[in-house]
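Asker: Structure in structure tokens, see below.
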């Protein structure tokens with residue numbers, strides 16, 4: 001899970017990424033604690049099985065480009081098939097939960113620049129964010 005998390009949310013010059021935030025541990029905790037979570041061991045087993053079939057290797061032991069190739073397949077719902085469906089569902093869940101785990105940890109909060117319950121003398125929405133929202137608004141072009 002740590003390797004998968006690292007590929008999904010890698011460390012960059014701007015963010016510490018999934019490993020430093022403990023996202024894999026968060027995913028493991030949620031998978032164990034929430035009855036609605038997918039069977040983590042079963043889904044990781046599916047991933048290893050798919051890797052064995054394509055590359056004769058487990059996910060962790062595969063070459064980085066092989067790991068990325070399988071994830072490129074299961075990252076998109078357009079690739080849904082009986083063969084890839086379980087992997088697609090698992091990847092979507094892991095990506096969402098891993099992102100939540102990152103943003104709810106001190107590492108992710110620091111990356112966002114979140115100041116918490118702090119008084120500010122002025123608040124403004126960045127121009128780029130406002131333009132992005134307005135382009136998608138039902139009032140655009142009105």
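Asker: Between the range 22-96 and the range 120-142, how far is it from one alpha carbon centroid to the other, in angstrom?
Answerer: 36
Asker: Let me ask something else about it. Would you mind checking the range 39-62 for residues with the amide N under 16 Å from a putative spin-label position 7 Å along Cα→C-beta of residue 100?
Answerer: 39-40
Asker: Another question about this same structure. Quick check: from the Cα gyration tensor, does the range 1-57 come out rounded (a/c under 1.5), prolate or oblate?
Answerer: Taking the square roots of the gyration eigenvalues as a ≥ b ≥ c, the range 1-57 is oblate.
Asker: Let me ask something else about it. Would you report the distance distribution of C-alpha pairs in the chain as whole percents per 5 angstrom bin, up to the bin with the largest distance?
Answerer: Distribution as computed: 2, 9, 15, 16, 15, 14, 11, 8, 6, 3, 1, 0 percent.
Asker: Mind checking the angle between helix 40-55 and the chain's longest principal axis? C-alpha axes, 0 to 90 degrees, to the nearest 10.
Answerer: Tilt relative to the chain: about 60 degrees.
Asker: I need to check one value: relative contact order of the chain, counting alpha carbon pairs closer than 8 Å and at least 6 residues apart, in percent.
Answerer: The value is 27 percent.
Values quoted throughout were computed directly from the atomic coordinates according to the rules given, and no laboratory measurement underlies them. Everything quoted here is computed from the prediction, not taken from an experiment. Virtual Cβ from ideal backbone geometry, glycine too; neighbours counted across all protein chains shown.
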